Amino acid sequence: MALIQFSCIATGPFITFKETAERIFEALGEPFHEHGAFAAEDLPSILAKLDAAAAADRKLEQEIEIEQTDKTKHHENSVRLYQRIAPLQDMIRRAIKHQKAVMWGPL
C-alpha cells in the first residue's frame, strides 16, 4: 500500500495510506494529487472543511448506533474518517498559528 506524508515546518509529519489521503481530499471537495501543498493563507478554509467533514462523520456514526438494536449491535474495528483526519486537523491548526504551509507527497 502506498503511503502519503503530510508535513509542515511547524509540526512533525503525519503519515497515512494513500486511500485515506484520497478520502481526505474527497471531503475537501478537491482532486487528490500525490504531491502538493496548502498555502498558509488557505489553511483556515481547509480546516473549516475538515471540521465540517468530521462533524458529519460523527453524526453519521451516531445515527448508525441509534438504528442498531441491542440484539444486532456489534462493534466494528474500523476507524472512522473523523478519527483519521484528526492528526491533519491538528497539523493545520499549528500551521495556521505559525503561518506555515502544509505539504504532502508519497513516501
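Descriptive notes on the structure:
- The alpha carbon gyration tensor of region 1-57 gives principal lengths a ≥ b ≥ c with a/c of 1.5 or higher and a/b no greater than b/c, which makes the shape oblate.
- The packing ranking of peptides 80-90, 37-47, highest mean first, is 80-90, 37-47, where packing means the average number of other beta carbon atoms within 10 angstrom of each residue.
- You can think of it this way: the chain between Glu41 and Leu3 has 11.1 nm of extra reach, that is 0.36 nm per residue less the Cα-Cα gap.
- Taking 19 Å as the cut-off, the amide N atoms of region 1-23 that come nearer than this to a point 7 Å along the Cα-to-beta-carbon line of Leu60 belong to 17-23.
- The mean accessible area for residues of the chain, using a 1.4 Å probe and ignoring ligands and nucleic acids, is 65 Å² per residue.
- Structure-derived Rg/Rh (Cα atoms, Kirkwood Rh): which label, when the choices are (1) 1.04; (2) 0.92; (3) 0.98: (1)
- Each stretch of four or more DSSP H residues adds -39500 (n - 2.57); spread over every residue of the chain, this sum gives -17000 deg cm²/dmol at 222 nm.
- Carbon/sulfur fraction of accessible area - the chain, other protein chains in place, 1.4 Å, %: 53 percent
The values are calculated or read from the model by the stated rules, or taken from the named source; none is laboratory data. This is a predicted model, so every value here is computed, not measured. Note that each Cβ is placed from the backbone with ideal geometry, even for glycine, and that neighbours are counted across all protein chains shown. Areas reflect the complete protein model, heavy atoms only, side chains present, ligands, DNA and RNA absent. Shrake-Rupley method; radii C 1.70, N 1.55, O 1.52, S 1.80 Å.
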